[in-house]
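Student: Got a structure for you, written out below as structure tokens; questions coming shortly.
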Amino acid sequence: MLYWIILIIVLAIFFGAHSRQRKKDAISLERAKIDKMRTCPLCAELVQLNAKLCRFCQNELLPISNNEMEEIELNYKIKIESFDPDVLAKKQDKERKIQSKKDWNDNT
Ligand SMILES: [Zn+2]
């Protein structure tokens, strides 16, 4: 009887770790799928960051400026975070703290 209990506990731990790993894999897969994209100034379609020619309108694309790059990085970060439940939870927690601080300030 004890043997079975131990076996079940071991299996539960094993499968728990396994499913956590799978969740992590799924997140990194989503990350890999999201490419850093830029918008074509002519047709406003999303094209690959390193593209020199727009694949929609064949417009020649100029190299990315620093400002553009910053914007792309920012958008990328926001996109990535939307896939990560841990980061999302932390963000919501932070927002809640800011909100409660704001409420406190409003009341005083
Ligand atoms: Zn285009």
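Student: When the residues of the stretch 58-79 are narrowed to those that are loosely packed, with under 13 Cβ neighbours inside 10 Å and outside any helix (DSSP H, G or I), which ends up nearest to the ligand (Cβ to nearest atom)?
Tutor: Applying the first criterion (loosely packed, with under 13 Cβ neighbours inside 10 Å) to the stretch 58-79 yields 58, 60, 62-63, 65-67, 70, 73-74, 77-78.
Next, from what is left, pick out any that are outside any helix (DSSP H, G or I): 58, 60, 62-63, 65.
Working: GLN58: 7, GLU60: 10, LEU62: 12, PRO63: 16, SER65: 17 Å.
Once the filter is applied, the top-ranked residue is GLN58.
Student: Still on this structure, I have one more. Can you confirm whether the stretch 32-54 contains a residue that is part of a helix (DSSP H, G or I) and touching a residue at least 40 places away in the same chain (Cβ under 8 Å)?
Tutor: no
Student: From the set of residues in the stretch 44-54 that are within 9 Å of the ligand (Cβ to nearest atom) and surrounded by 13 or more Cβ atoms within 10 Å (Cβ to Cβ), which is farthest from the chain's Cα centre (by Cα)?
Tutor: Applying the filter and picking the extreme gives CYS54.
Student: Also, I was wondering about something else. Scan the stretch 18-37 and give yes if some residue there is more than 20 Å from TYR76 (Cβ to Cβ), among the aliphatic types (A, V, I, L, M) and at pLDDT 75 or above, otherwise no.
Tutor: Looking for residues that are more than 20 Å from TYR76 (Cβ to Cβ), among the aliphatic types (A, V, I, L, M) and at pLDDT 75 or above, one finds none in the stretch 18-37, hence no.
Student: Right, another one. Over 20 Å from the mean Cα position of the chain (by Cα) and either in a loop (DSSP other than H, G, I, E, B) or of a type in the set (Lys, Arg) (or both) - does that describe any residue in the stretch 9-24?
Tutor: no
The values are calculated or read from the model by the stated rules, or taken from the named source; none is laboratory data. Since the structure is predicted, the reported quantities are computational estimates derived from the model, not experimental observations. Because the Cβ atoms are built from the backbone with ideal geometry, glycine has one as well, and the counts that use them run over all protein chains shown.
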